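The values are calculated or read from the model by the stated rules, or taken from the named source; none is laboratory data. A quick note: this is a predicted structure, and the numbers were derived from the prediction, not measured. Note that each Cβ is placed from the backbone with ideal geometry, even for glycine, and that neighbours are counted across all protein chains shown. Side chains are part of the model used for accessible areas, which takes the heavy atoms of the whole protein and leaves out ligands, DNA and RNA. Shrake-Rupley method; radii C 1.70, N 1.55, O 1.52, S 1.80 Å.
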Amino acid sequence: MATKPVVLVTRKLPEAVMARAAASYDARMNEADTQFGPDQVISKAQGCDAILCCSTEKFPAQVLSRLPESVRALATFSVGLEHIDLEAAKARGLIVTNTPDVLTDSTADITFLLLLAAARRAYEGERMLRQDAWDGWAPTQLLGVHLGAKRLGILGMGRIGRAVARRARGFDMEIHYHNRSRLPAQLEQGAIYHETPDSLLKVSQFLALNAPATPETEHFLNRARIALLPDGAIVVNTARGALVDDEALQEALKSGKLAAAGLDVFEGEPRIHGGYRSLDNVFILPHLGSATLETRNAMGFKCCDNLDAVFAGQEPPDRVV
Ligand code: 8YV
């Protein structure tokens, strides 16, 4: 029997994915799910043909250059790629694959969870009950705002942005967007294109950040841009924490410039800016965008499909470099 390819699986993945990896490869698992630093990844990858990693492992150029020669492919269990230096991977001849499409709907769902929770003051209501502080219904208790008939600005109209727009139509929102390039009409579906982010911000009563983290989007939502939003706007982020200047956002949430925010991602996560913990008008989640069993299974199977193709000498379906 031919020997199976050796694959380092850096994190504990859903059972069905682990079972497939164990059947297809000589898989080095991490059952304890400890987070590996660069030195551990490098030592555990000795003798491996590929690595199935998550965005929790970082692959800058200096780590990639120390990976054993035997490692031919890096299949990341994520759609985001900011943890991998793609130029350096390309220069080293390393194949990199990701998991597009399968987390689109789960992430768009979380965007809506955040929009609704922020608009309808879900955190304050929840806390009232958990702390046994509810004295009963009152006509002016925890009044929020409607989503319906409001303008939703979407920054980044890729797969996830468009899935957010689909949901927003069901809520009768007016959809505006900014994207690096304008979408064709069949993808726009009536959404109003803004050539500049500033023009989008000026109309966004709700703003959903759905753009990847790049040098251009770093701290996109800063003081100057928040100032452009209508007073009382609501901002949600399911993309990457790096898009937001935390100090500026907190200042605006305290002053009332922004009514509320919903955040699933944070700069420097899992160590979030402590200021968020004491703000009543922010609804926060621990990066749950893709956290459904269906999605995580599909992400894992995509990683395996990509690795199977590499080992069969074929082009992997989700090759990035
Ligand atoms: C992933 C994500 O679950 O895929 C992405 O880019 O942001 C997440 O939802 C996470 O990054 C796991 O690697």
Taking region 179-217 and keeping residues among the aliphatic types (A, V, I, L, M) and touching a strand residue (DSSP E or B) at 6+ places or on another chain (Cβ under 7 Å) leaves Ala191, Ile192, Leu200, Leu201, Val203, Leu207, Ala208, Leu209, Ala211
Filtering helices (runs of 4 or more DSSP H) wholly in region 67-168 for at least 3 residues that are within 16 Å of the ligand (Cβ to nearest atom) gives 104-119
Kindly list, by first and then second residue, each pair from a residue in region 28-43 that is within 13 Å of Leu8 (Cα to Cα) to a residue that is part of a loop (DSSP other than H, G, I, E, B) and open to solvent by 80 Å² or more (accessible area, probe 1.4 Å), limited to pairs with Cβ atoms under 7 Å and residues at least 6 apart or on different chains.
Asn30/Lys12; Glu31/Lys12; Asp33/Lys12; Ile42/Arg66
Confirm whether Thr56 is open to solvent by 40 Å² or more (accessible area, probe 1.4 Å), within 18 Å of the chain's Cα centre (by Cα), within 16 Å of the ligand (Cβ to nearest atom) and among the hydroxyl-bearing types (Ser, Thr, Tyr).
yes
Looking only at region 200-217, how many residues end up being closer than 17 Å to Ala117 by Cβ and open to solvent by 30 Å² or more (accessible area, probe 1.4 Å)?
1
If Thr292 satisfies all but one of (1) open to solvent by 50 Å² or more (accessible area, probe 1.4 Å); (2) farther than 23 Å from Ala75 by Cα; (3) β-branched (Val, Ile, Thr), what's the number of the condition it fails?
(2)
Of the listed residues (Ala122, Ala117, Ala108), the one being under 24 Å from Arg166 (Cα atoms) and in contact with a Gly (Cβ under 7 Å, 6 or more places away or on another chain) is Ala117
With the condition kept exactly as written, say whether any residue in region 29-43 is open to solvent by 40 Å² or more (accessible area, probe 1.4 Å), within 16 Å of the ligand (Cβ to nearest atom), out of contact with any Phe, Trp or Tyr (no Cβ under 9 Å at 6 or more places or on another chain) and among the polar types (S, T, N, Q).
yes
